[in-house]
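J.: Encoded as structure tokens, here's the structure I'll be asking about.
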Amino acid sequence: MEIIKVILLALVIVFTIVFIKQLKPEFALLVSIAGSLILLGYVFGYISNIITLVNNLISKTGVGQKFFTILMKAIGVGYLVEFASSICRDNGNTSIADKVALIGKIYILSLSIPIISEIYEIISGLL
């Protein structure tokens, strides 16, 4: 199973970080970021399959492509914000992590304004 490989890789990265923290604490953050990027790179194949599937579903339903683009941007922003926030939190910067999460939520809300407007138009057209 693929998930077992990912879990084992994550555990190797964690043990490497713990080991490096004892020897050279200043390099632990770099190893953490590199390990996270390696893990993210491992799943890009799955992400492209998901995007293709969702794109096919949206084309069959007749929903506009702009909504698919907004959805993918919002999901991407959510994952990037969580990634950055986790790195900040792991390094003891909880305050910065919270600010990054808040900014990400506000940005996702601003991305969703066209969808909210479209829903409003549909509802007002029905009334």
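J.: Can you name the condition, by its number, that residue 77 falls short on among (1) surrounded by 11 or more Cβ atoms within 10 Å (Cβ to Cβ); (2) without any contact (Cβ under 8 Å) to a residue 24 or more places away in the chain?
T.: (2)
J.: Only one of 58, 96 is touching a helix residue (DSSP H, G or I) at 6+ places or on another chain (Cβ under 6 Å), under 28 Å from residue 26 (Cα atoms) and in a helix (DSSP H, G or I). Can you tell me which? Spell out the reasoning first.
T.: Values: 58 fails: under 28 Å from residue 26 (Cα atoms).
None of the other options fit; the residue is 96.
J.: Tell me which residues, restricted to the range 29-57, are over 24 Å from residue 91 (Cα atoms) and of a type in the set (A, V, I, L, M, F, W, C).
T.: 43, 44, 47, 50, 51, 53, 54, 57
J.: Is there a residue being in a helix (DSSP H, G or I), more than 30 Å from residue 1 (Cα to Cα) and out of contact with any helix residue (DSSP H, G or I) (no Cβ under 8 Å at 6 or more places or on another chain) anywhere in the range 29-50? Outline the logic, then answer.
T.: To start, the set of residues in the range 29-50 that are in a helix (DSSP H, G or I) comprises 29-42, 44-50.
Now restrict to residues that are more than 30 Å from residue 1 (Cα to Cα): none.
No - not one qualifying residue is present in the range 29-50.
J.: Working carefully through the options 102, 80, 109, 71, find the one that is assigned to a helix (DSSP H, G or I) and at pLDDT below 85. Steps first, answer last, please.
T.: On the way: 102 fails: at pLDDT below 85; 80 fails: at pLDDT below 85; 109 fails: at pLDDT below 85.
Result: 71 is the single residue among 102, 80, 109, 71 that is assigned to a helix (DSSP H, G or I) and at pLDDT below 85.
J.: Would you check which residues across the range 19-70 are farther than 30 Å from residue 118 by Cα and of a type in the set (Phe, Trp, Tyr) and list them?
T.: Correct list: 19, 27, 42, 44, 46.
The values are calculated or read from the model by the stated rules, or taken from the named source; none is laboratory data. If you're wondering where the values come from, they're calculated on a predicted model, not measured in any experiment. Please note: Cβ atoms are built from the backbone with ideal geometry, for glycine as well, and neighbour counts cover all protein chains shown.
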